[in-house]
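J.: Following this message is one structure expressed as structure tokens.
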Amino acid sequence: MINSFKFKDAIISGANNIFKNRVHINELNIFPVPDGDTGTNMSMTIVGAADKIKNLDCLNTTVGEVAKMVAYASLRSARGNSGVILSLILKGFSQYLGNLDVASGEDLVKALEAGVKNAYSAVSKPTEGTMLTVARIAFERGHEALLEFNTEKSLKNTEDLSEFEKKYEIETNTKNCDVIEDARRLITKKGKDIIDGLRETLFEKTEKFKSTVLKNERNVLNKNEPVGISFSSNSGKKKDKNLDISDEICAKIWGSICAGAREALAQTPDLLPVLKKAGVVDAGGKGLCLIFEGMLSVFKENIIIDQEAQVISLEEDETLRAVSESFNEDINFTYCTEFIISKQIGVSFFLDKFRNNLEKIGDCVVVVDDEEIIKVHVHTNLPDKAIGAGLKVGQLVTVKIENMEEQRKIALEAASVEESKEIIEPKQRFKFETPNEEFGLVAVVFGDGLVSAFKELGCSAIVIGGQTMNPSSEEIAGAVCSVPAKNVYVLPNNKNIIMAAEQAKKLIEDRNLIVVPSKNIPQGMAAALAFERDKSLEENTSAMFSSMEKIRTGSITYAARDAEFNSFKIKKDDVLAFDGGKLIFLDNDPVKAAEKLLRKIAKNEMSFITLIYGKEITEEKAEELKNLISSFFSSSEITLINGGGSAYYFIVSIE
């Protein structure tokens with residue numbers, strides 16, 4: 001049986017497993033543009049839940065109470081579409097396990113079923129080949145395993161009943177046959193039903209049976225799985241065995257769920273041609289597999305998977321890299337030396353002595369002893385001696401030596417570029433305000449220029465977020481509650497933030513949240529312009545929704561990675577032109593690409609053209625584009641906005 005302790009550990013293990021593999025999941029992103037990262041979004045969602053329960057005292061807590069805490073915390077921390085879908089799956093566990101003290105294998109399957117239904121119902125047009133498919137097939141395989149187990153158990157119970165008939169020589173007259181048939185029907189139900197049913201029938205018919213049932217009643221009542229009744233006089237040993245069997249059953253059923261998830265994940269390229277062409281599986285589905293496998297480690301082995309990744313490449317070792325970067329200011333030793341040692345069997349390793357020896361020849365020493373491997377970081381002028389010390393312990397797996405003086409020169413030269421990169425902000429905090437006004441607006445945007453623009457359009461609160469930084473449901477709810485209004489419109493301005501905005505409704509009780517599903521900045525601006533405070537809720541909602549349909553949008557951005565996408569062979573840093581969400585051509589000059597894009601999408605003379613430019617575009621380049629298109633759209637009103645974001649060169653809208 002799964003009690004509160006084990007369920008808590010399973011969630012933490014699942015969170016750790018996806019967290020340490022989040023970079024790999026991010027790399028499965030098939031789209032070449034800078035985008036929200038699935039691995040980051042999913043890991044932040046479930047890590048938020050794990051943080052909520054990690055210090056929970058489970059001694060007086062039920063599995064249902066833990067499930068409710070997990071569901072609520074994951075909802076608050078949900079980021080991006082993948083994070084929201086994950087939170088809805090976890091909500092299913094809260095819904096089904098909510099009133100249970102402990103959970104059986106059957107309960108786990110039904111809880112997952114509830115979660116799958118939540119996820120599918122939340123998506124207007126579910127796409128197969130995504131994490132939805134992985135979750136659904138995982139449930140189906142778990143359900144099949146449950147049915148198979150119940151069938152085997154029913155057969156075993158029938159055999160047990162036949163043995164009982166022989167042992168106590170029940171007469172086969174009509175009256176007693178009816179009693180036995182009643183028992184046959186009842187015997188496959190859960191433990192409590194078995195006891196109640198047998199009390200009503202056999203207790204009164206057979207005195208010998210009465211004492212046997214009393215001896216074994218506690219065994220059966222402690223089981224929620226369909227079980228057979230033992231008539232052995234050694235009831236204590238049978239009880240212990242039954243408890244072990246119950247744990248094993250839960251692990252086997254969840255193992256079938258994991259196998260189903262892996263099976264579905266392997267099928268995702270066949271269901272989504274774009275995945276097959278890119279040679280990858282669905283990122284969200286992979287994340288779900290990792291969470292389920294992390295949970296299985298607890299159900300099967302009582303082992304919580306460590307959050308720290310097993311390092312194969314030093315380039316991917318975020319722990320050592322972070323340590324290295326934290327000592328960049330004062331360079332006392334020239335060479336940053338990092339290596340991984342595979343421990344040699346039979347060779348003793350004394351951590352303190354090894355670290356002390358390295359400290360004699362350098363500083364910034366970090367030594368991590370990780371069972372089979374040892375990870376080492378040191379700044380030194382004698383990297384050969386540091387590596388030699390490692391060779392005495394075992395074989396070198398990887399080695400990296402970098403000249404920090406040269407790195408500093410490069411870093412100083414690139415400082416201006418680094419300043420333009422988006423920084424992920426800590427969780428945003430908003431001050432609660434009592435809702436005493438009628439209406440308010442909240443927008444999700446990134447970049448000083450766009451923040452100012454939306455404030456000028458009447459937005460009372462801004463959530464910092466966008467293409468590469470998806471805010472959580474909790475942050476959106478916090479912004480809504482900081483607006484002193486009874487009805488608050490939220491403009492997500494990104495298709496990957498709409499679901500999180502919808503989920504934020506469940507965190508708010510004292511005001512009405514209306515999500516205006518703006519998929520990009522121009523749609524959000526159009527909706528904000530359509531809002532009028534003296535109109536009714538219905539009138540404003542209708543006007544804001546319809547305003548988004550009147551504009552056409554495009555964007556010029558850059559390729560974040562090499563990719564093959566829709567017949568385009570894309571190289572990193574290529575200039576990409578999008579009509580709405582469709583890639584229509586490649587270029588090597590952002591200004592010329594924007595001019596070409598506008599000519600393509602503006603087939604007729606347009607009244608208004610808005611050009612939003614990002615950090616990589618200077619004001620002179622933006623003016624150059626404005627002058628170029630003025631000759632083609634002489635009667636159009638052209639507006640330039642310095643957006644300040646770094647995920648795009650230009651965002652254009654026409655109406």
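The values are calculated or read from the model by the stated rules, or taken from the named source; none is laboratory data. Quick caveat, the model's predicted, so the values are computed rather than measured. Heads up, the Cβs are rebuilt from the backbone with ideal geometry, glycines too, and the neighbour counts pull from every protein chain shown. We work out accessible area using only protein heavy atoms, side chains counted, and drop any ligands, DNA or RNA first. Shrake-Rupley method; radii C 1.70, N 1.55, O 1.52, S 1.80 Å.
J.: What accessible area, in Å² to the nearest ten, does a 1.4 Å probe give for Thr130?
T.: 30
J.: While we're looking at this one, here's another question. From the phi of every residue in the stretch 430-438, what ³J(HN,Hα) in whole Hz does the Karplus formula 6.51 cos²θ - 1.76 cosθ + 1.60 yield, where θ is phi - 60° and glycine or proline is x?
T.: 10, 8, 5, 10, 5, x, 10, 9, 7
J.: Per residue of the stretch 636-649, what does 6.51 cos²θ - 1.76 cosθ + 1.60 with θ = phi - 60° give for ³J(HN,Hα)? Whole Hz please, x for Gly and Pro, Karplus curve as stated.
T.: 8, 8, 10, 10, 9, 10, 7, x, x, x, 10, 8, 8, 8
J.: If you don't mind, there's one more thing I want to ask. What is the set of long-range amide H partners of Ile570 at a cut-off below 5 Å, with H atoms built 1.01 Å from backbone N?
T.: For Ile570, the qualifying residues are Ala563, Glu564, Phe565.
J.: Sticking with this one: State the extension gain, in nm to one decimal, for the chain segment bounded by Lys535 and Leu351, taking 0.36 nm per residue of separation less the distance between their alpha-carbons.
T.: 59.1 nm
J.: Then there's this: From the square roots a ≥ b ≥ c of the eigenvalues of the alpha-carbon gyration tensor of the stretch 463-557, which class results: rounded (a/c under 1.5), prolate (a/b over b/c), or oblate?
T.: oblate
J.: Got a number for carbon plus sulfur as a percent of the stretch 571-655's accessible area, 1.4 Å probe?
T.: 44
J.: What is the pair-distance distribution P(r) of the stretch 517-655, computed from all Cα-Cα distances in 10 Å bins starting at 0, with each bin given as a whole percent?
T.: 12, 40, 32, 13, 3, 0
J.: Once a ≥ b ≥ c are taken as the square roots of the eigenvalues of the Cα gyration tensor of the stretch 1-151, is the result rounded (a/c under 1.5), prolate (a/b larger than b/c) or oblate (a/b not larger than b/c)?
T.: Cα axes put the stretch 1-151 in the oblate bin.
J.: If we sort 556-564, 521-529 on the protection proxy, mean other Cβ atoms within 10 Å, highest first, what's the order?
T.: 521-529, 556-564
J.: Take the residue pairs Lys252/Lys519; Lys68/Lys300; Lys68/Lys125; Lys400/Lys571 and return only those whose Cα atoms are more than 32 Å apart.
T.: Over 32 Å Cα-Cα: Lys252/Lys519.
J.: Output needed for the stretch 247-294: three equivalent-ellipsoid semi-axes, defined as square roots of 5 times the C-alpha gyration tensor eigenvalues, in descending order, whole Å.
T.: One finds semi-axes of 26, 10, 5 Å for the stretch 247-294.
J.: Can you check what the net charge comes to around Thr610, using other residues whose Cβ is under 10 Å from the Cβ of Thr610 (Lys, Arg +1; Asp, Glu -1)?
T.: Combined, the nearby Lys, Arg, Asp and Glu give -2.
J.: So what's the gap between the Cα centers of the stretch 596-655 and the stretch 47-90, to the nearest angstrom?
T.: With the stretch 596-655 and the stretch 47-90 each reduced to a Cα centre, they are spaced 45 Å.
J.: Listed highest first by mean packing, meaning other Cβ atoms within 10 Å per residue, what order do 476-483, 383-390, 279-286 come in?
T.: 476-483, 279-286, 383-390
J.: Each residue of the stretch 478-486 in order: what ³J(HN,Hα) in whole Hz does its phi give by Karplus 6.51 cos²θ - 1.76 cosθ + 1.60, θ = phi - 60°, with x for Gly and Pro?
T.: x, 5, 4, 6, 8, 9, x, 9, 7
J.: While we're here: In the structure displayed, which of Lys455/Lys615; Lys550/Lys592; Lys455/Lys621; Lys20/Lys506; Lys550/Lys621; Lys277/Lys582 lie more than 23 Å apart, Cα to Cα?
T.: In this structure, Lys550/Lys592; Lys455/Lys621; Lys20/Lys506; Lys550/Lys621 lie more than 23 Å apart at Cα.
J.: Rounded, prolate or oblate: which fits the stretch 579-642 when a ≥ b ≥ c are the square roots of the eigenvalues of the alpha-carbon gyration tensor, with rounded for a/c under 1.5 and prolate only if a/b beats b/c?
T.: oblate
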